[in-house]
Amino acid sequence: MAIYDPTKTPTDSYDTHTHLNDDQLFHDVPAYIGRANEFRVMEMNVVGYNAQSNERALEISNNHDNIYAVLGFQPEDTKDFDDQAFITLEQQLQQPKVVGVGETGLDYYWETTAHDVQIAAFKKHLELAKKFDLPVIIHNRDAFEDVYKILKDSGVKKGVMHSFSGTPEQAKAFINLGMHISFSGVVSFKKAEEVREAAKTIPLDRLLVETDAPYLAPTPYRGKTNEPALVKFVIDSLAETLEMSAKDLSDVTRGNAHRLFLNHE
């Protein structure tokens, strides 16, 4: 799978949001990690979204160096986020390889879970992020006003707007609340001009990159199964948008991830 010129090895990068715990990838985690490492994706966060995927994220992170877990319930699974699930998550978040709470947030696009159920779960995740001083990883789809208000009212000051696909104005609003902005393969899509315009407004010290694998494969692999190795194409596209080198952007985003998730300067 030679997807880049082997004479131009990419700089080390950090995929801040991947789902190696998803059924599409979990069957062969070592192979996906190995291929990512070949493409110099040397660190990644495996992000949970329900009870099973949280357990898998912990398993993967505990069995591999430089892989970390983020644990939570995504909006469409919040119907299962009952009192026992809250207690279990609270306990899991205290494990040493856990670096964030999420993904959590609101999704008003699919309408599979009642808004009040999503909102209640989002608030509880924010409480946990504050309690354990962990960054919160936020899923926001067609719910900007509610996500912004709840986040602002929570007092949580560090986190990530995951796979950002909003406007420059929305990006600025979240940055003013202390958030980082993470870009996925969406930034490489031909019709995502507004996302690229938003990217141009982000301070460099708030930028992150991700794959959201197995979803949102970047151009030229759009429509295929995504994997952490392909973060290289997210970086290439974003670097072109920002008129900087892929090496410099890799260094910047990796450094930002180290400070946010690993408390490394």
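The values are calculated or read from the model by the stated rules, or taken from the named source; none is laboratory data. In this text the structure is predicted, and so the values were computed from the model without any measurement. Note that each Cβ is placed from the backbone with ideal geometry, even for glycine, and that neighbours are counted across all protein chains shown. Side chains included, ligands, DNA and RNA excluded: accessible areas come from the protein's heavy atoms. Shrake-Rupley method; radii C 1.70, N 1.55, O 1.52, S 1.80 Å.
Quick check on my filter: what residues within the range 64-77 are touching a residue at least 12 places away in the same chain (Cβ under 8 Å) and more than 16 Å from His162 (Cβ to Cβ)? Even if it seems obvious, please write down each step before you answer.
As a first pass, look at the range 64-77 and keep what is touching a residue at least 12 places away in the same chain (Cβ under 8 Å): 64, 66-77.
Once the filter is applied, which keeps residues that are touching a residue at least 12 places away in the same chain (Cβ under 8 Å) and more than 16 Å from His162 (Cβ to Cβ), the range 64-77 yields His64, Asn66, Ile67.
Please find, within the range 148-159, the residue that is most open to solvent (accessible area, probe 1.4 Å) out of those that are under 20 Å from Ser182 (Cβ atoms) and out of contact with any Phe, Trp or Tyr (no Cβ under 8 Å at 6 or more places or on another chain). Steps first, please.
Taking the range 148-159 and keeping what is under 20 Å from Ser182 (Cβ atoms), we get 148, 150-152, 154, 156-159.
Now narrow it down to the ones that are out of contact with any Phe, Trp or Tyr (no Cβ under 8 Å at 6 or more places or on another chain): 152, 154, 156-159.
On the way: Lys152: 118, Ser154: 27, Val156: 12, Lys157: 137, Lys158: 55, Gly159: 0 Å².
Once the filter is applied, the top-ranked residue is Lys157.
How many residues are of a type in the set (A, V, I, L, M), surrounded by fewer than 22 Cβ atoms within 10 Å (Cβ to Cβ) and farther than 15 Å from Leu204 by Cα when one looks only at the range 225-265?
Residues that pass the stated criteria total 1.
Within the range 173-183, can one find any residue that is aliphatic (A, V, I, L, M), out of contact with any His (no Cβ under 7 Å at 6 or more places or on another chain) and exposed (fewer than 15 other Cβ atoms within 10 Å of the Cβ)? It would help to see each step written out before you state the result.
Filtering the range 173-183 for residues aliphatic (A, V, I, L, M) gives 173, 175, 177, 179, 181.
Narrowing further to those that are out of contact with any His (no Cβ under 7 Å at 6 or more places or on another chain): 173, 175, 177, 179, 181.
Narrowing the set further to residues that are exposed (fewer than 15 other Cβ atoms within 10 Å of the Cβ) leaves none.
Checked the range 173-183: no residue is aliphatic (A, V, I, L, M), out of contact with any His (no Cβ under 7 Å at 6 or more places or on another chain) and exposed (fewer than 15 other Cβ atoms within 10 Å of the Cβ).
Out of (1) modelled with pLDDT under 95; (2) more than 27 Å from Gly255 (Cα to Cα), the odd one out for Lys224 is which?
For Lys224, the failing item is (1).
Scan the range 100-109 and tell me whether some residue there is touching a helix residue (DSSP H, G or I) at 6+ places or on another chain (Cβ under 7 Å), open to solvent by 50 Å² or more (accessible area, probe 1.4 Å) and in contact (Cβ under 8 Å) with a residue 40 or more places away in the chain.
The answer is no, given that none of the residues of the range 100-109 is touching a helix residue (DSSP H, G or I) at 6+ places or on another chain (Cβ under 7 Å), open to solvent by 50 Å² or more (accessible area, probe 1.4 Å) and in contact (Cβ under 8 Å) with a residue 40 or more places away in the chain.
Of all residues in the range 50-77, how many are crowded, with 16+ Cβ neighbours inside 10 Å and either closer than 20 Å to Ala257 by Cβ or aliphatic (A, V, I, L, M) (or both)?
12
Output yes when any residue across the range 78-90 is under 17 Å from the mean Cα position of the chain (by Cα) and surrounded by fewer than 22 Cβ atoms within 10 Å (Cβ to Cβ), and no when none is. First the steps, then the outcome.
Kept after step one, since they are under 17 Å from the mean Cα position of the chain (by Cα), are these residues of the range 78-90: none.
No, every residue in the range 78-90 fails to be under 17 Å from the mean Cα position of the chain (by Cα) and surrounded by fewer than 22 Cβ atoms within 10 Å (Cβ to Cβ).
Inspect the range 207-220 for any residue being open to solvent by less than 70 Å² (accessible area, probe 1.4 Å) and in contact with a Lys or Arg (Cβ under 6 Å, 6 or more places away or on another chain) and give the result as yes or no.
First, the residues of the range 207-220 that are open to solvent by less than 70 Å² (accessible area, probe 1.4 Å): 207-214, 216-219.
If we keep only those that are in contact with a Lys or Arg (Cβ under 6 Å, 6 or more places away or on another chain) too, we end up with 217.
Looking for residues that are open to solvent by less than 70 Å² (accessible area, probe 1.4 Å) and in contact with a Lys or Arg (Cβ under 6 Å, 6 or more places away or on another chain), one finds at least one in the range 207-220, hence yes.
Return the only residue of Lys124, Lys97, Lys130 being closer than 28 Å to His27 by Cα, among the basic types (Lys, Arg) and in contact (Cβ under 8 Å) with a residue 12 or more places away in the chain.
Details: Lys124 fails: closer than 28 Å to His27 by Cα; Lys130 fails: closer than 28 Å to His27 by Cα.
On inspection, the qualifying residue turns out to be Lys97.
Are there any pairs with C-beta distances below 7 angstrom linking a residue in the range 12-35 that is farther than 23 Å from Gly223 by Cβ to a residue that is open to solvent by 10 Å² or more (accessible area, probe 1.4 Å) and aliphatic (A, V, I, L, M), with the two at least 6 apart or on different chains, and if so which?
Asp12/Met42
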